[in-house]
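Trainee: Please find one structure pasted underneath; my questions will follow.
The values are calculated or read from the model by the stated rules, or taken from the named source; none is laboratory data. No experiment lies behind these values; they were computed from the predicted model shown. Cβ sites come from the backbone with ideal geometry, for glycine too, and all protein chains shown count toward neighbours.
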Amino acid sequence: MSEPTGKNSSQAKPSPGDRVSAGDAVGGRRAFGAEVLALVCGGLATLTPVAAGLWMFLDPLRKRSAAAEFLPVAQASSIPADGVPRQFPVVADRLDAWTGFASEPIGAVYLCRQKVSGPEQGSGEVQAFSATCPHAGCFVEIDPVEKCFRCPCHNSKFTFDGSMVAPSPSPRAMDALECRIEKNGDVVVKWENFYTGIAGKVPRL
Amino acid sequence: MSTIHQQKNSDSVQCKPGLLGQLANFFDDRTGYRALVHETLYERVPGGARWRYVWGSTLVFAFMTQLITGLVLWSSYSAGAQSAWESVYFIQHEMAGGWLLRGIHHVMAQAMVVLLALHLMQVVIDGAYRAPREVNFWLGLVLMMLVLGMALTGYLLPWDQKGYWSTRVATNLAGLVPVLGPSIQQVVVGGSDYGHHTLTRFFALHAGFLPATLVLMLVVHLSLFRKHGLCARQPIVRADGMFWPDQVLKDAVACLAVMAVVLGVILMPALVAMLEGRPIVLGELGAELAAPADPSLPYAAARPEWYFLFLFQFLKVFEGWGASGEFLGAIVVPGLVMGAMFLMPIIGRWNLGHRFNIVFTLSLMAGIGLLTALALNEDYCSLWMDKASLAEADALYRQTEGDSKKVAEALGGDQAKIAAMQKKFATLAAFRHSQSFLAAVAEAEVAGVRAIELASRPERIPPSGALELFRSDAKSQGPRLFAQKCASCHSHVDPALPQATEQMAKSSAANLFGFGSAAWVRGLLDPLQVDGPGYFGNTAHKDGDMVNFVKNDLADRDTWKLNDIEAVIAAMNAEAGLPDQSFTEGTAALIEPGRSLIADTQRCGSCHTFRDNGTEFGSAPDITGWGSREWLIGLITDPTHERFYGDTNDRMPRFGQTEKEGQIEIIVDWLRGEWYRPRATKQAVAVQSSP
């Protein structure tokens, strides 16, 4: 740096327009090297905590939701025979980060029987729907007056067989869940979550 | 400056700017950022850039690092008595890179304290506190206290034994401040006792109040620094330099070096493990996590972080002065020292005063160093002390129990010898203190490892928290409970060990080591052992029916073939059903015949009830399910029950009446070796949990 120096220049402050006179070629190259080196060192030092921070901050991206499994939800006999759905809690062990919850309600399903009249009453096939609205994920309720499913958030309406009642903010019908009746009379449901707000029924990862 | 910069700066003036240049101009017209950047970078450094000016910059860098790592830690930390330890465990052992992030935050905090000391010394030695920089010096001192405050509050946040017990001491000391002390203590602790609000408040202090204040102060500190310019080292002999890139390069290299040291400290154990061929467990790198905080379990290994050790040691100077001593050591003297430091700019107006300041600062550092060394020596001296030289003193001390009259007698009244021996006794006491500290540290480490092992079970931590999980763990709690409740009568020592004879002789009831195992039953049925101290020897049953039976009937080879005895052993062993029990085919075949022998009313069944052999309770304990969990719980709950010893019970208390729920189960599970064992190594568990 071929700067004119004053011994008592400690208080001197170059004004923004004040240019430092150009050094000779060698000095210039040296300064350029110093600039690059300063940027590299400073960059490396600063990037270390940033990188470590990002590594941990993005940890949730590694997480996958538990694989869908069949869970017993109710006794087949407890589903009304008249075709009106009934809500049942889904109970399972749940892992929330570090806490393990044993047998906790983790959601709800609606179970209903297809209406069969006569002596066969109550033997109709069982259908299961997730209680989560496919529109925005609110909890769908039963409207006992209009005899349909209704979402309290944006008024999505579905018939008791799960199909959409137009006009509806929901992009698709209610999410039917695989289910079957076991020999011991338990109704087991394949518990799954789906992405909301889209027309397709895509299971959450 | 470089020609490059000249070109850059003149670009906008001389030629038509490109798209980027236009954009830059757009923003410059509206913000004036070029002038700002220029002012920031092109500061003149009188006398040229120097390494001694880097400390301030490294401190800013360290603080930025703490800010970045701290914010990300915040995103996964949960301040609550049942979630703080748990969330830190999760960060450290389960989240990707959590160990590294927490390690950087933890080690950089310590680096920051070192850098603070260096910065302070450089400022004092260079006289940078003199006019017009007094205010900035005072700001610096406030910043220092803020950093120390953050270090103190951060230590508690993991809510582990180490942080919990060390911080309790600190808050208790705060209570010594006159008039306001108790109120300050209560406000900081969030009540009269440690709990949820202690954590939420410490967290708010650590991540909110203190850093926000620090940032404000730092902005003023830096702008004042810029206003005054760098206080150059006198006399100036070299040409002036520029902040950019000369000083910035030195600063950047220093920051990188600090970061390298921090990473080195974190990764060193991994390197050692690699060289020794051990597997590297990432969760064990970086910052330690002790067992979860337990207010009911004092922690002898509690020490403040090393940079506060000097205060810890300083308090000992006033030992024996009572509360006023603590008040002096924790409040008055540190307050006076801080006061003297605040006065430095005034004292430093005179040349002599400046010299005094330098000497004061250096002696302060030396004093802190000395106190720290003393504290470390007290705790670790047994590591380097010559134990052999203390053997004689140790023997004499045990013999005389330290009684000065007896010591004088033993030494023949020789005053010189007595004085020398008293000195040796003092050394011996220091040695013992250090040994018990190191033992406490080792015990704490074992507890910490076990707590983490339990937390990483597939079921993870119950909603009630890790402490409850830890407290109900037979492996770690069993020995403690046994020592408290059972060891006054029962011994628990492997008979094969050399100290077994001595320990068993001291006990008044059976040795419960390996209770339920084949070896234990074999000893019971051994005529030589049954009335020994390991079984009935020290009890009222020494000459009872069982001893008589083993010594006479069982020794009769006509009625009791050796194979019969083996069958009884196998059957009893099977009754106990110990968790790590396995039978060879040959032994397994003996179980049923053994059961028949036991049930036989001509043999064991003549006194003992066994299954449905019809023998009534009263003459001897029912041995159906002998040694099983249920049987042991029943026995310990009430040994006087007719199913067990009834009227013949010898001194064993009915623990069911005195013990809290779950305690007997813990002891039983521990005796039976029934506790959680990780199936795979930690790394394997970690891999399983992230499909």
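Trainee: Could you please find all residues in segment B:45-89 being of a type in the set (Phe, Trp, Tyr) and closer than 20 Å to residue B:201 by Cβ?
Mentor: Passing the criteria: B:74, B:77, B:85.
Trainee: Could you check how many residues of segment B:30-56 are without any contact (Cβ under 8 Å) to a residue 12 or more places away in the chain and assigned to a loop (DSSP other than H, G, I, E, B)?
Mentor: Looking only at that region, the number is 1.
Trainee: From B:289, B:263, B:285, which residue is in the same structural domain as residue B:163 (by TED's automatic domain parsing), in contact (Cβ under 8 Å) with a residue 40 or more places away in the chain, buried (at least 22 other Cβ atoms within 10 Å of the Cβ) and of a type in the set (A, V, I, L, M)?
Mentor: None of the others qualify; the one that does is B:289.
Trainee: What about residue A:129, is it surrounded by 15 or more Cβ atoms within 10 Å (Cβ to Cβ) and within 22 Å of residue A:74 (Cα to Cα)? Lay out the reasoning, then the answer.
Mentor: Values: surrounded by 15 or more Cβ atoms within 10 Å (Cβ to Cβ): yes; within 22 Å of residue A:74 (Cα to Cα): yes.
For residue A:129, the condition - surrounded by 15 or more Cβ atoms within 10 Å (Cβ to Cβ) and within 22 Å of residue A:74 (Cα to Cα) - is met.
Trainee: Applying the selection to segment B:138-194, what residues are β-branched (Val, Ile, Thr), under 18 Å from residue B:329 (Cα atoms) and part of a helix (DSSP H, G or I)?
Mentor: B:167, B:169, B:171
Trainee: Same structure, new question: The conditions are (1) over 20 Å from residue B:671 (Cβ atoms); (2) buried (at least 19 other Cβ atoms within 10 Å of the Cβ); (3) charged (D, E, K, R), and residue B:468 fails exactly one of them. Which is it?
Mentor: Exception for residue B:468: condition (2).
Trainee: Mind listing whichever residues of segment A:167-205 are assigned to a loop (DSSP other than H, G, I, E, B) and in contact with an Asp or Glu (Cβ under 7 Å, 6 or more places away or on another chain)?
Mentor: To start, the set of residues in segment A:167-205 that are assigned to a loop (DSSP other than H, G, I, E, B) comprises A:167-175, A:178, A:182-185, A:192-193, A:195-202, A:204-205.
Passing the criteria: only A:201.
Trainee: Given the residues B:153, B:167, B:171, which is the only one that is under 21 Å from the mean Cα position of the chain (by Cα), surrounded by fewer than 21 Cβ atoms within 10 Å (Cβ to Cβ), closer than 29 Å to residue B:295 by Cβ and hydroxyl-bearing (Ser, Thr, Tyr)?
Mentor: B:171
Trainee: With the requirement that a residue be in a loop (DSSP other than H, G, I, E, B) and either facing chain A (nearest Cβ under 7 Å) or touching a Pro at 6+ places or on another chain (Cβ under 7 Å) (or both), what does segment B:77-107 give you?
Mentor: B:95, B:96, B:97
Trainee: Return the only residue of B:30, B:34, B:50 being among the basic types (Lys, Arg), surrounded by fewer than 23 Cβ atoms within 10 Å (Cβ to Cβ) and in contact with a strand residue (DSSP E or B) (Cβ under 9 Å, 6 or more places away or on another chain). Break it down stepwise before answering.
Mentor: On the way: B:30 fails: in contact with a strand residue (DSSP E or B) (Cβ under 9 Å, 6 or more places away or on another chain); B:34 fails: in contact with a strand residue (DSSP E or B) (Cβ under 9 Å, 6 or more places away or on another chain).
Checking each option against the conditions leaves just B:50.
Trainee: Could you pull out every one of the helices (runs of 4 or more DSSP H) wholly within segment B:309-407 that has 2 or more residues that are within 24 Å of residue B:426 (Cβ to Cβ) and out of contact with any Leu (no Cβ under 9 Å at 6 or more places or on another chain)? So that I can check it myself, show each step before the final result.
Mentor: Values: elements: B:309-317, B:323-327, B:333-347, B:351-380, B:391-400.
In segment B:309-407, B:351-380, B:391-400 are the helices (runs of 4 or more DSSP H) which contain 2 or more residues that are within 24 Å of residue B:426 (Cβ to Cβ) and out of contact with any Leu (no Cβ under 9 Å at 6 or more places or on another chain).
Trainee: Let me ask something else about it. Give the residues of segment B:232-264 that are among the acidic types (Asp, Glu) and either more than 9 Å from chain A (Cβ to nearest Cβ) or not in a loop (DSSP other than H, G, I, E, B) (or both), sorted by residue number.
Mentor: Hits for segment B:232-264 are B:246, B:251.
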